[in-house]
Amino acid sequence: MKNIFIKEILKDGQIGQEVKVRGWVRTKRVSKAFAFININDGTTIHNIQAVVDFESIPEEQLKDVNTGACVCISGILVASEGSGQAVEVKAQAVEVYGKADPEKYPLQPKRHSLEFLREIAHLRPRTQTFSAILRIRHALAFAIHKYFNDRGFYYLHTPIITGSDAEGAGEMFRVTTLDMNHPPKNEDGSINYKEDFFGKETNLTVSGQLEGELGAMALSKVYTFGPTFRAENSNTSRHLAEFWMIEPEVAFFELEDNMDLAEDFLQYLVAYAIEHCNDDLKFLDQRNAEEEKQKPQQERSELGLLERLNFVVNNSFVRLTYTDAVEILKNAKKKFQFPVDWGTDLQSEHERYLVEKHFRKPVILTNYPTEIKAFYMKQDEDGKTVRAMDVLFPGIGEIIGGSQREDDYDKLKQRAHAVGIEEESIWWYLETRKFGACPHAGFGLGFERLVLFVTGMSNIRDVIPFPRTPKSAEF
Ligand code: 4AD
Ligand code: MG
């Protein structure tokens, strides 16, 4: 018999068909004459139930069939008399592949807290919630490639180890093979990186953008989709030290085109999830509704998860400048923890006020003050702002950050210098402004923030299989 997985059995299985069900036991319920075993193999949110008749299989044979054990149950597919499933398996033979001591197995068939599940990230994919999240994560990753491929973008692989700081924020993890206890020194006592593996200082990339731009100035439409690393000490529910970013970069695009692309892209991805992850989203929608009930009235979100997703697909995003947003925030009745003044960076509380209270729609903020944005953004004529755009989402805050890029060699060089980026580390980037420069734009979508939004989870540590955060790199 060929390998067949539970998703296929539930979808295509015929009554009377012989099947072999393999997976991990979720629950076992025993009555006088029968045992009912619920099995899941992660291919779908749905379990399949196997019914063991003690007349044909003695109860003794089920002693190791406990929650968490991996089993293979062979039998016949029959119509189910119980509610909740159309078919079940009438067991003819039970084999235990791997036992799970019921006294020690940490995942019991009850609701565990998300905090506890983070401590057992090696087992949490076996829960309904996490398997649903991981399947949705996969679907979104696939949809991202499909979106770009269908529109003629080329997937560009940008390096993970770099010698430059794309964002200029200095939040990088060093990559070195030097002996930490006895590093080679220069005469002035500083470390001699010429002796390091690459003969220079290197770090894990914070963004593939700079190399993405080189690609766009050759292939016109490119995107990257890779891991990025930030050594910022932000212990929030929105930050990871290692996260995945999608960065399209397009030649001849200006800020407006960039906004159109970002909006269309996000709507496409959310619509894709609604269409292709129906079972998992229904489950998370219910889970979300139960969580909401635990919250005080004023903190509850007005829309359910699926309603929120449909809302984003069906409503165009509001577009306004940073300057206009600051005016709105200054006139808001709400007292913010951080005061708002033109020139300061907006905090998450401000972003969420605009999206959730003021406009009640996703918002694209543009033309931020030069000083609070990265060196590569195109300067506006007023000399005060740059052609930046941040897309803000309900419950999330910033989901996308992007801009039109500075294509003037002198202006770019001057901004790099102003923020302390050494020319030697980005000479190649600057050179593209000497040889065939063109207007171009792009953005970065934080993959985990997208998955957070789509799954309705509230902590980013719960939408990546193995989160990396300050003081935490287990698994
Ligand atoms: O706004 P950011 O820093 O922009 C860039 O890196 C640009 N180079 C992108 C570009 O124009 N090509 O990051 C982009 C997005 C953010 O909007 C956010 O969604 C996500 O990446 N992000 C993080 N996600 C999880 N954890 C972190 N520490 C993140 N930092 C940024
Ligand atoms: Mg940003």
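None of the figures in this text is laboratory data; all of them are computed from the coordinates on show. The structure displayed is predicted, hence computed values, not measured ones. Cβ: placed from backbone, ideal geometry, glycine included. Neighbour counts: every protein chain shown.
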Label-point separation in nm, Phe338 to Phe34, each point 7 Å along Cα→Cβ: 5.9 nm
Counting helices only, and only those DSSP H runs with n ≥ 4, report the 222 nm mean residue ellipticity of the chain as the sum of -39,500 (n - 2.57) divided by its residues, in deg cm²/dmol to the nearest 500. -9000 deg cm²/dmol
At a threshold of 8 angstrom on Cα-Cα distance, excluding pairs fewer than six apart, so keeping six or more, what relative contact order does the stretch 307-365 reach in percent? 51 percent
Would you report the distance distribution of C-alpha pairs in the chain as whole percents per 10 angstrom bin, up to the bin with the largest distance? 4, 17, 24, 22, 16, 11, 6, 2, 0
Taking 7 Å along the Cα-to-C-beta vector as the label spot, tell me the Asp410-Leu123 distance in nanometres, rounded to one decimal. 6.6 nm
Rounded to whole Å and sorted largest first, what semi-axes of the equivalent ellipsoid does the C-alpha gyration tensor of the stretch 189-287 yield via the square root of 5 times each eigenvalue? 34, 23, 11
Under the rule of at least 5 residues apart or a separate chain, name every residue whose amide H is placed under 5 Å from the amide H of His46. none
By per-residue mean of other Cβ atoms within 10 Å, what is the highest-first order of 399-406, 338-345? 399-406, 338-345
Non-local residues with an amide H under 5 Å from the amide H of Val87, with H modelled 1.01 Å from N and Pro and chain starts lacking one, are Ser80
Mean separation of Cα pairs under 8 Å and 6+ residues apart, divided by the residue count of the chain: what relative contact order is that in percent? 13 percent
Please give the per residue volume of the convex hull enclosing the alpha carbon atoms of the stretch 265-381, rounded to a whole number of Å³. 138 Å³
Given a Förster distance of 56 Å, report the FRET efficiency between Lys11 and Glu187 from their Cβ-Cβ distance, rounded to the nearest 0.05. 0.20
Could you pull out every residue, at least 5 positions away or on a different chain, whose amide H is within less than 5 Å of the one on Arg230? Hs are placed 1.01 Å off N in the peptide plane, and Pro or chain starts have none. Glu242, Phe243
For the Lys357, Trp428 Cβ pair and Förster radius 51 Å, calculated FRET efficiency rounded to 0.05 is 0.70
Euclidean distance between Cα centres, the stretch 198-217 to the stretch 388-450, Å: 12 Å
Could you go through the stretch 233-244 in sequence order and give the Karplus-derived ³J(HN,Hα) for each residue, using 6.51 cos²θ - 1.76 cosθ + 1.60 with θ = phi - 60°, rounded to whole Hz, and x for Gly and Pro? 8, 9, 8, 10, 7, 10, 10, 10, 7, 10, 9, 9
What is the spread of the Cα atoms of the stretch 46-144 along each of their three principal axes, largest first, in whole Å? 49, 34, 24
Determine, at each q value in 0.12 (inverse angstroms), the log₁₀ of I(q)/I(0) that the Debye formula gives when each Cα of the stretch 55-207 is one equal point scatterer. -0.88
